[in-house]
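First up is the structure itself, then whatever we jot down about it.
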Amino acid sequence: MEQTNTPTAVVEAAPPQSNRTYVWGVGRRKSAVARVRIAPGTGKIELNGRTLNEFLTSERDRKSIFGPLEVTNTGGKLDVFARCTGGGPTGQAGAIVMGLGRALAKYDKSLEVALRGGGFLTRDSRMKERKKYGQRGARRRFQFSKR
């Protein structure tokens with residue numbers, strides 16, 4: 001039995017190089033973080049590799065994504081790609097909206113006034129309140145019995 005230690009050549013297909021230039025924006029909401037990139041295109045929206053309807057089930061969350069695009073009149077002109085981590089569906093939708101707003105402001109400086117007026121560049125600082133010791137939750141106390 002003879003063993004040969006000849007290395008086998010593994011050829012990996014290189015990803016197709018595109019001529020698109022992406023503009024990035026990072027959005028945060030609660031504990032969700034979304035990295036959004038936009039590029040000139042046909043209006044395609046892809047979130048975590050899925051379509052908008054597959055990723056977000058709530059109608060309110062789906063409509064909120066279009067907010068920055070409607071305010072800036074860039075609806076069918078830009079492709080939107082987002083990667084979301086952490087939080088829940090509503091928090092991720094809010095993070096995508098903020099990231100999209102930041103990316104649009106970076107893409108075209110003249111859109112910043114409209115985006116700021118719509119509240120798409122303002123970070124929502126509300127977070128979950130921490131649980132306190134001696135209590136059942138953040139504010140809920142243990143049951144009290146006088147007698």
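The values are calculated or read from the model by the stated rules, or taken from the named source; none is laboratory data. Everything numeric in this text was worked out from a predicted model, so none of it was measured. No Cβ is skipped: glycine too gets one built from the backbone with ideal geometry, and neighbour counts run over all protein chains shown. The area values use the complete protein model at the heavy-atom level, side chains included, leaving out ligands, DNA and RNA. Shrake-Rupley method; radii C 1.70, N 1.55, O 1.52, S 1.80 Å.
Brief remarks follow.
- Averaging the sequence gap over all C-alpha pairs within less than 8 Å and six or more residues apart, then dividing by the number of residues, gives the chain a relative contact order of 28 percent.
- Longest segment of the chain lacking chymotrypsin sites (Phe, Trp or Tyr not before Pro) that sit in a DSSP loop with at most 11 other Cβ atoms within 10 Å: 1-132
- Only Lys, Arg, Asp and Glu carry charge here, each on its Cβ (+1 for the first two, -1 for the last two); on that basis the chain has a dipole of about 1740 debye about its Cα centre.
- Spherically averaged projected area in nm², based on the convex hull that wraps the Cα atoms of the chain: 19.2 nm²
- Max mean-square fluctuation residue, GNM over the chain, Cα-Cα springs under 10 Å, options ASP124, ASP61, ASP108: ASP108
- Sites listed here are GluC sites (Glu not before Pro) in the stretch 54-147 whose DSSP assignment is loop and whose Cβ has at most 13 other Cβ atoms within 10 Å: GLU129.
- In this label model, GLN143 and THR42 are separated by 6.2 nm, measuring between points 7 Å along each Cα→Cβ vector.
- Acute angle (nearest 10 degrees) that the helix 89-107 long axis makes with the longest principal axis of the chain, alpha-carbon atoms: 60 degrees
- Per-pair calculated FRET efficiency, R0 = 30 Å: THR57 and TRP24 via Cβ, rounded to 0.05: 0.70
- For the stretch 66-147, accessible area per residue (1.4 Å probe, heavy atoms of protein chains only), Å²: 68 Å²
- MRE, 222 nm, helices only [DSSP H, n ≥ 4, -39500 (n - 2.57), over the chain, to nearest 500]: -8000 deg cm²/dmol
- Among ARG136, ARG123, ARG37: highest mean-square fluctuation, GNM of the chain, C-alpha pairs under 10 Å: ARG136
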